[in-house]
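The block underneath contains the structure these notes are about, expressed in structure tokens.
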4 protein chains.
Amino acid sequence: MTVTNQKVRRKKDQILMSAIKIVNERGHEGATMEEIAAELQMTKGSLYYYFKNKNDLLYQCHHLVLSRAIAEHEDHLLENLSPEQLLRKMVSTHISFAINEREIFSMMIDPKRTFDDGQLESVLLLRKKYAALFDEVIRRGIASQQFERSEVVLVRMFILGAMNWVQQWFNEEGRFNQEQLIEEYADYVLKLLKK
Amino acid sequence: MTVTNQKVRRKKDQILMSAIKIVNERGHEGATMEEIAAELQMTKGSLYYYFKNKNDLLYQCHHLVLSRAIAEHEDHLLENLSPEQLLRKMVSTHISFAINEREIFSMMIDPKRTFDDGQLESVLLLRKKYAALFDEVIRRGIASQQFERSEVVLVRMFILGAMNWVQQWFNEEGRFNQEQLIEEYADYVLKLLKK
Amino acid sequence: MTVTNQKVRRKKDQILMSAIKIVNERGHEGATMEEIAAELQMTKGSLYYYFKNKNDLLYQCHHLVLSRAIAEHEDHLLENLSPEQLLRKMVSTHISFAINEREIFSMMIDPKRTFDDGQLESVLLLRKKYAALFDEVIRRGIASQQFERSEVVLVRMFILGAMNWVQQWFNEEGRFNQEQLIEEYADYVLKLLKK
Amino acid sequence: MTVTNQKVRRKKDQILMSAIKIVNERGHEGATMEEIAAELQMTKGSLYYYFKNKNDLLYQCHHLVLSRAIAEHEDHLLENLSPEQLLRKMVSTHISFAINEREIFSMMIDPKRTFDDGQLESVLLLRKKYAALFDEVIRRGIASQQFERSEVVLVRMFILGAMNWVQQWFNEEGRFNQEQLIEEYADYVLKLLKK
DNA sequence: TATGAATGAGGGTTCATTCAT
DNA sequence: GATGAATGAACCCTCATTCAT
């Protein structure tokens, strides 16, 4: 990759981070190209040098986020842990993303109304991949007879939903800190799954 | 209340129903005053006779839906059921609302972005009341030693999150229908809570 | 037709005239909705109450103009004149339109790049109708053996082109006035056609 | 001229050819500097090394095309042909340009809208020269008593208009090909002029 | 009460143009 | 000579809101 491409890549990433921040503050309809640009002391027009249009920008935000989370989960999968240990790590990763990269993760909501066909396909693929990681662990647990047989897809949805919701209310100053929250939630998840 | 006021009240309700429908279809940013009015064969301008502005209309939609859900839960609470039976009913009510009043209900997700201060206070109050209903049942279960001791607030958040998330993916044509979904989810909830 | 519809109709016509004027001065790409509105002391946004978008406005301009010209030609056709007399009248009408309603007529130029499929079809139909009026007269002349046999379509194109071009250069203060021009051009046309 | 200047000259010509092509495809408002540059695997910015601005580029396109057409006509004038033969050749040249250099040639239609004062003067001069070539032939024909006496300017306008119009409708796939069209049109022109 | 009509602020997008490197 | 990057003005269009009737 040329030096130039690296610079473009870095700039694109900056814009993405800026966009993610604004979108999270204002919602993806409330976020304007103007604001996203202003965050980086650029002008609206400049964004179009890097992204085809607002939708494209939004799409790439989404893509970036999901990719990172997937990568982290995949690292865990390579570590050769028991299903329970593995799942605890994944819960931790997921909730950490949801809280600490709140801006990023909250974009998981409602792609169907936002993206066009080409983008949607790609996003849906990535989401499927993300979900599959959890399904995989759950299936391992069932196979090793540590987890109860169940509708894997449904229980995974249940768990992901519970964890995603954390962003809506979690607040560092509240009664629980992040670690406690994660531990507690991991317990819930395992109680749900184990025999 | 005068006859006139009754008529106004009735019209307001019609508008709310129309608004709820459109908002559920298009999202609250995608819904336009034009469409909401058209649904009732009115014109945009007329809406402003009944509601101060779009925000006010949206707020009252939200209020209405949340109130109804609360009322339904409260009915269950009066029925003198076991904590388990009660919770199953509440899960059913909640998920039904989440699916059928998709968008309006999901305004719960981020009211701070939508409502102004006066409205926000009222909404937050209603939400607190809503949450308290679940806490109440959980506490009853713990008191009767059917449910395990736990951080009531945390586990309630976990459960509500799991159920809210349903709107993101549930689809009538999928592998599970609404009833099956509810039953399964109720099982999960109870597995989580019971000793 | 209701009174209201009449008022809308009249307003629409005003806007069309305004649009025609601006488009003629600036070209249809150079003409902005802003300017068209300003001409009538309206605001940009108001135009969208009457027309779906710029393209629609442009389309209706075009349609209006052609319809009027067609109507005038059709009046002549009913008058029971000899092909030569008829053609002289049509030349007069066409050139008059081209000069006096310059703004209007110059829109006949290049619809393919401006209109979308639905509009294009309608415009093309109207143009075909317009052309057919001339073809009809030419055919009558040939049938009555006053005009020479020829490729009707081609010779009609030749004639219309010659007349349309007048708008590009004619100028009231020039060596010829409008009447002289029309008479001379009618002579050319007939010289071209007659045996 | 230095070697460098020659290279610049050659590059300028390449750009002009590219611009002419794009303008002919997209119209002079639809053509973007980006596209023109892309055609030559250059970047937008580079064009500004060779041309002051888009208008300048357009102007030079126009100038080039018009000059070529004039040159071609002048070649014919040197060939010592009869007025009729000469005119046929000129009709052929003109129509060929009108069709093949569609957009550039049709800038002839309204230069006042496109060019600034300095450019306009030059263009108008060139056009006058162009028209004069036709007038010359017509006068020769009248002088040699082959053509009928007439208002030379008017009849020339008539003829040029008829030929320019060809761009509006001619289409390679139509009933007539370019050669047939030219022959037929030449016949019309001569029928118009000859005694 | 209801509406037709108008408004204006603002958003997304395009593109000619500039300029440091 | 050439380019990458940025700019900003302008444009089309949407929509909540207003107000006279």
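The values are calculated or read from the model by the stated rules, or taken from the named source; none is laboratory data. A quick note: this is a predicted structure, and the numbers were derived from the prediction, not measured. We place every Cβ from the backbone using ideal geometry, glycine too, and count neighbours over all the protein chains shown. Keep in mind that these areas ignore ligands, DNA and RNA; they rest on the heavy atoms of the full protein, side chains included. Shrake-Rupley method; radii C 1.70, N 1.55, O 1.52, S 1.80 Å.
The condition of being assigned to a helix (DSSP H, G or I), facing another protein chain (nearest Cβ under 10 Å), open to solvent by less than 10 Å² (accessible area, probe 1.4 Å) and more than 17 Å from C:Arg156 (Cβ to Cβ) does not hold for D:Val189. A:Phe115 passes every criterion in (1) closer than 24 Å to A:Leu58 by Cα; (2) in a helix (DSSP H, G or I); (3) more than 12 Å from chain B (Cβ to nearest Cβ) apart from (2).
Taken over the range D:84-130, residues that are open to solvent by less than 70 Å² (accessible area, probe 1.4 Å), modelled with pLDDT of 95 or more and farther than 12 Å from D:Ala69 by Cβ amount to 4.
Would you mind stating whether D:Leu124 is in a helix (DSSP H, G or I) and at the interface with chain C (Cβ under 9 Å from one of its Cβ atoms)?
Numbers: in a helix (DSSP H, G or I): yes; at the interface with chain C (Cβ under 9 Å from one of its Cβ atoms): no.
Considered against the rule, which asks whether it is in a helix (DSSP H, G or I) and at the interface with chain C (Cβ under 9 Å from one of its Cβ atoms), D:Leu124 comes out as no.
If only residues of the range A:135-156 that are of a type in the set (Val, Ile, Thr) and open to solvent by 10 Å² or more (accessible area, probe 1.4 Å) are counted, the one that is farthest from the other protein chains (Cβ to nearest Cβ) is A:Ile142.
Of all the criteria given as (1) of a type outside the set (Val, Ile, Thr); (2) more than 15 Å from the chain's Cα centre (by Cα); (3) within 16 Å of DNA strand E (Cβ to nearest atom), the one not satisfied by A:Cys61 is (2). Within the range B:157-172, which residues are part of a loop (DSSP other than H, G, I, E, B) and either under 23 Å from A:Leu181 (Cβ atoms) or at the interface with chain A (Cβ under 7 Å from one of its Cβ atoms) (or both)? Scanning the range B:157-172 gives a single hit, B:Trp165. Flag not set for A:Lys21, criterion: open to solvent by 70 Å² or more (accessible area, probe 1.4 Å) and near DNA strand E (Cβ under 10 Å from one of its atoms).
I'd like the residue in the range B:31-68 that is within 14 Å of chain A (Cβ to nearest Cβ) and open to solvent by less than 30 Å² (accessible area, probe 1.4 Å) and, out of all such residues, is farthest from DNA strand F (Cβ to nearest atom). Before the answer, list the steps.
To start, the set of residues in the range B:31-68 that are within 14 Å of chain A (Cβ to nearest Cβ) comprises B:31-32, B:54-55, B:58.
Among the residues that remain, those that are also open to solvent by less than 30 Å² (accessible area, probe 1.4 Å) are: B:31, B:58.
Working: B:Ala31: 7, B:Leu58: 9 Å.
By that ranking, first place goes to B:Leu58.
Checked against (1) crowded, with 17+ Cβ neighbours inside 10 Å; (2) away from DNA strand E (no atom under 16 Å from the Cβ); (3) more than 14 Å from every other protein chain (Cβ to nearest Cβ), B:Asn80 passes all but condition (1). Of everything listed in (1) loosely packed, with under 15 Cβ neighbours inside 10 Å; (2) basic (Lys, Arg); (3) away from chain D (no Cβ under 11 Å), the single unmet condition for C:Arg175 is (3). Figure legend. Inter-residue proximity from the range A:30-53: first residues under 14 Å from A:Asp13 (Cα atoms), second residues within 7 Å of DNA strand E (Cβ to nearest atom) and open to solvent by 60 Å² or more (accessible area, probe 1.4 Å), beta-carbon distance below 7 Å, spacing 6+ or different chains. Indicated pairs: A:Ala37/A:Lys44.
Residue-wise test of (1) assigned to a helix (DSSP H, G or I); (2) acidic (Asp, Glu); (3) touching a Leu at 6+ places or on another chain (Cβ under 9 Å); (4) more than 19 Å from C:Arg113 (Cα to Cα).
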site	(1), (2), (3), (4)
D:Thr4	yes, no, no, yes
D:Arg9	yes, no, no, yes
D:Gln14	yes, no, yes, yes
D:Ala19	yes, no, yes, no
D:Ile22	yes, no, no, no
D:Glu29	no, yes, no, no
D:Ala38	yes, no, no, yes
D:Met42	no, no, no, yes
D:Tyr48	yes, no, no, yes
